[in-house]
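One structure is given here, and the rest of the page talks about it.
What follows draws every value from the coordinates through simple rules; no lab data is involved. Only a predicted model underlies this, so the values are computations on that prediction, with no experimental measurement involved. When we count neighbours, we look across all protein chains shown, and the Cβ atoms used for this are built from the backbone with ideal geometry, even at glycine.
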Amino acid sequence: MLHRHFIPGIPIIEWIRSLWQRCTKLLFPNSSNLSDVAYEEIIMPQYFESKNIETTAGSYLSTQYLHDRFGLARRDIDSVLPITSNILKYKDVELQLTDAIAQEPRWPTECKVIQERVNHIDYIPPLPEPYYVSTGREPKPKPVGEEFGTVIFNYSPISATNYFSRSCSGGTTVLSSSNSISSCLGDLNNVNDNFNNISSKNQNDLEFESRFESGNLEKVIKITDSYYQLHLRRDMYTQRHMQWFYFRISNTKSHIIYRLSIVNFCKEDSLYNDGLRPLLYSTKDATMHAVGWRRCGDNISYYKNDSSDEEREKHTLTFNITFPHDHDTVYLAHCYPYTYTDLQEYLSAISNNPIKSRFTKLRLLCRTLAGNNVHYLTITAPNCNEEGRKKKGIVITARVHPGETPSSWMMKGIIDFLIGESNQARELRERFIFKLVPMLNPDGVIVGNNRCSLSGKDLNRQYRTVMRESYPSVWHTKLMIRRLMEECGIAMYCDLHAHSRKHNIFIYGCESKRANCCGKLTEQIFPLMLHKNAADKFSFENCKFHIEKGKEGTSRVVVWLMGVQNSYTMEASMGGSTLGSRNGTHFSIQDYEQIGKSFCETLLDFSDDDPTKEKLRNKILVRLIKEGSSADEPTNINLTDYSRLK
């Protein structure tokens, strides 16, 4: 196991140099060049600065680095780590050897960020929220240019090079925009010349803001007092992928029916055509009534723009909205937000729990282009006997696409279940070694991208690459998987995603090419069992097991090619379900977390070596073959048959 140790930058440079030389000579007497070279490459704050690493945040000295750079044996390094910890316990400099968890988000330097932290309360709707039912008479206003209205918000961080170059901790902070116009003019004029078009504020105007973590809104044009035209920001360093939105509106009036049109969506089709409604969060309702995110909007329509734009064809989402209170601050979002800071706080709580930390270890997988941490969790029961060596690995990853927030909520449901106190959770910990990477693309999550990292590329098409520097989280995830396969084997891999154009929750798998009956369709057993355990959310008939052209670089396919037969992508609709009693209703945060729990329960049934469970799986396989199930059209086994077999 790789240990990564935190060494904060210290101003007393020469004192540290002396201490470092004494420590390295004592601990590694046969490595004469370690002291001077490692000091220059690891300790010196000037080195951190030249590499765009903030000295107060520190750097990581790993056993892998010492092994590769200086030829030191890992067992020798591991044996002296406790000694090193004792030697470096000096109050004057507060050198620590510890795994850093909490970290302030690092932003590209061109990004401006408001100072206050955006928080949302947890909330479960008392009843599932229904889809919007179209009348066919919804208005479809044509997008117009700035000359037909007044630009009241305009924020587009621009890089002179149009590629990522530098980052800073916390971003370039600005004052909160209680007055969006003055804030934009005062703080952002140097970033975007378009702010010269912003007119003076009218006291009745809605006030917009998106300069916070995961926020995405580029421009707002006020057409009338009640009609606003909105533009989303492209993924940074790209010209595409306008889909995710998350922004704040202040100075609301409750007696006015507003119309908002987001006019530059990039996807031709959307669940907004099939009943999906946007999400609204009222800070007054949260404070007064403990009500959080809920669905909003009426007269909803999604359509192709009628324009001769030379750019890619764009689409508009338009809807009416009535705000619940006067002078409220509300948030609108495409789906339930889950930020990098949310994850950091969640992981810190787990790590600091004295009970859960016994079987849960948090480690740093790598750092991103911007220097943000990519952590992974190892969850397993501690074993001191030979039985522990028989455990196989389960690897689950999430949030490679920043705009697919349901994947984070599903991951949270999985983690909550695995670190819980139920007998099922204990049995899973006894049976498997879980390696979980909750957020593969924190850079994209932080800046409010929909699909890409700061490389400007979709990370889920880069798993065949060997470009470690450009796609560090992908490279290190593959390395972790390869090592786990060598050590104990991997029983299953699953990458969690969300879908903006399909209903329900479903799985993409990889079709087995084995000719014999025993190997055929085995990849369909787990998804079918999951469908039976979550019949109102998960659709087996929506699953596909054919590897499409263009998917060869995805994690699912590459891990399958590495030798993991049960390699899956699990997609959760950003809308909701068409199944059973949940037909025509939106998914809630609780639903996404619940499918994570169902995933774990199904994994237990799927892996149980009890003869009864094994017989059940064999009968399911025989039935799938008999019913003619295929990679493109999986055949469901009806519930009564399944119950009888079980």
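For segment 568-612, the alpha-carbon radius of gyration amounts to 1.44 times the rule-of-thumb value 2.2 N^0.38 Å expected for a compact globular protein.
Positive contributions from Lys and Arg (+1) and negative ones from Asp and Glu (-1), summed over other residues with Cβ under 13 Å from the Cβ of Thr341, come out at -3. Rounded to the nearest 20, the Cβ-based charge dipole of segment 257-413 about its Cα centre (Lys and Arg +1, Asp and Glu -1) stands at 1160 debye.
For Lys391, no residue has an amide H sitting under 5 Å from its own, ignoring neighbours fewer than 5 places away on the same chain, with H placed 1.01 Å from N. From most to least packed by mean Cβ count within 10 Å, the peptides 558-565, 285-292 give 558-565, 285-292. Only the Cβ atoms of Lys and Arg (+1) and of Asp and Glu (-1) were treated as charged; on that basis the dipole of segment 108-333 about its Cα centre amounts to roughly 140 debye. Working note: Cα atoms of segment 474-536, range along each principal axis, descending, whole Å: 38, 34, 20. Taking the convex hull of the alpha carbon positions in segment 355-608 and averaging its projected area over all directions gives 14.0 nm².
Among 532-538, 361-367, 119-125, 413-419, sorting by the average number of other beta carbon atoms lying within 10 angstrom of each residue, highest first, gives 413-419, 532-538, 361-367, 119-125. Compactness of segment 399-534 is given as radius of gyration and Dmax, 16.7, 49 Å, from Cα positions.
The alpha carbon convex hull volume per residue for segment 108-333 rounds to 135 Å³. Residues whose amide H lies under 5 Å from that of His586, counting only those 5 or more places away or on a different chain, are Glu129, Tyr131; hydrogens are built 1.01 Å from N in the peptide plane. Per the Debye formula on identical point scatterers at the alpha carbon atoms of segment 488-646, with no solvent, log10 I(q)/I(0) at q = 0.11 Å⁻¹ is -0.42. Annotation: Cα Rg of segment 246-389 relative to the compact-globule expectation 2.2 N^0.38 Å equals 1.53.
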